[in-house]
Ligand code: BGC
């Protein structure tokens, strides 16, 4: 049975954000930003202080960087040479979960096991040397409440992580204890930053005029340098936890997906835009078109990327996941559907960037600046970048020329090393 035309049109509409909505979302985001600065209880943005500003670019020395934010855990030894230059001396990586072998992120694991696993990877990065002193910068990519650069308490897991015993704890204390258990007392964790903050630090280390850092990957979030204009406070990077932005109208797929997720009611924006969720939303919509509402086929954002970019593979990919044979016409519709989800995602993310840009500009002209972005969706998903640019123009008009987006690849590691260097000030 070919897809119903009406149903397809209806589903596509569900995933469309028109120009008027786009403007409203950007304005609402700016409003929540301002309210959140005054009192986070009045806003859907957590607006978490990072206790770090921008680097001078002159930071030097050898540091350890721990990048903990997705299933792939990384530890790097990085030498900062100043002037935006650095060298990666060693890099080790391991997944926190290998299907059927081990799983440190599921509800069955424990905090101690998780951090012991991390400490063992740190040991690998320093080649088992328990003498030489290292400062460690920790990019921890989950919402955390900080009272200084070291002290970050996990508020709530996101990205479907479920390890008990970490929420509410100071993550660097858990790390320190695990390092100690393994006799690694020469490594001193001194800084914790969110991955968005790491991206901003890494980009600003290399190039001035960068005030916004974002992750557009498995998860999504943005930070910016809050100037605290006309106040005595020094400029500080604020981790907005923009993935939690709520002033969006979820469609029926968003609602159904949210209800079945690890944390219903949380992370509305993130669930509508990030790589972890897009494939599943796409699969839910496709199930309706195939007359199998409610069936989960396990599509990922990587499948979506292939569907969008390789027209001749669509039939094969859909057949492998759903068992259905599609007509050429329906294959084109599947491609259009995947595109619609990506375009919605890029437009929503851009609206949040513009909310920040408006706030930073105030009544002045938009300043020339770069937005630093890292993440697989931004880097690899077809249609993402071009739709960010398009939405920037739609929202900013001529001022869009002042903004460019730059890929800050690997910013999580470099940013953590920079934060460790800055922790000595
Ligand atoms: C987390 C953020 C993080 C983002 C990108 C979200 O789920 O809440 O802290 O920055 O993912 O990794």
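The values are calculated or read from the model by the stated rules, or taken from the named source; none is laboratory data. Predicted model, so just to flag it, every value in this text is computed and none were measured. Heads up, the Cβs are rebuilt from the backbone with ideal geometry, glycines too, and the neighbour counts pull from every protein chain shown.
Is it the case, given these coordinates, that residue 280 is within 16 Å of the ligand (Cβ to nearest atom), in the same structural domain as residue 12 (by TED's automatic domain parsing) and either within 25 Å of residue 142 (Cα to Cα) or not in a loop (DSSP other than H, G, I, E, B) (or both)?
yes
Checking the structure you have, find out if any residue of region 249-256 is at negative phi, surrounded by 13 or more Cβ atoms within 10 Å (Cβ to Cβ) and within 11 Å of the ligand (Cβ to nearest atom).
no
With 416, 401 as the choices, which residue is at pLDDT 95 or above, over 14 Å from the mean Cα position of the chain (by Cα) and within 16 Å of the ligand (Cβ to nearest atom)?
Answer to the check: 416.
Among the strands (runs of 3 or more DSSP E) lying completely within region 32-127, list those that include at least 3 residues that are in contact with a helix residue (DSSP H, G or I) (Cβ under 6 Å, 6 or more places away or on another chain) and under 22 Å from residue 200 (Cα atoms).
Strands (runs of 3 or more DSSP E) meeting the threshold: 60-68, 72-82.
When residue 261 is evaluated against the numbered criteria (1) within 13 Å of the ligand (Cβ to nearest atom); (2) modelled with pLDDT of 95 or more; (3) outside any strand (DSSP E or B); (4) in the same structural domain as residue 287 (by TED's automatic domain parsing), which criterion, by number, is the only one it fails?
(2) is the only condition that residue 261 fails.
Looking at residue 383, is it at negative phi and either modelled with pLDDT of 95 or more or within 19 Å of the chain's Cα centre (by Cα) (or both)?
no
Can we say residue 38 is loosely packed, with under 15 Cβ neighbours inside 10 Å, at pLDDT below 95 and either assigned by TED's automatic domain parsing to the domain that holds residue 270 or under 21 Å from the mean Cα position of the chain (by Cα) (or both)?
yes
Among residues belonging to region 67-104 that are within 16 Å of the ligand (Cβ to nearest atom) and surrounded by 18 or more Cβ atoms within 10 Å (Cβ to Cβ), point out the one that is nearest to residue 163 (Cα to Cα).
Of everything passing the filter in region 67-104, 96 is nearest to residue 163 (Cα to Cα).
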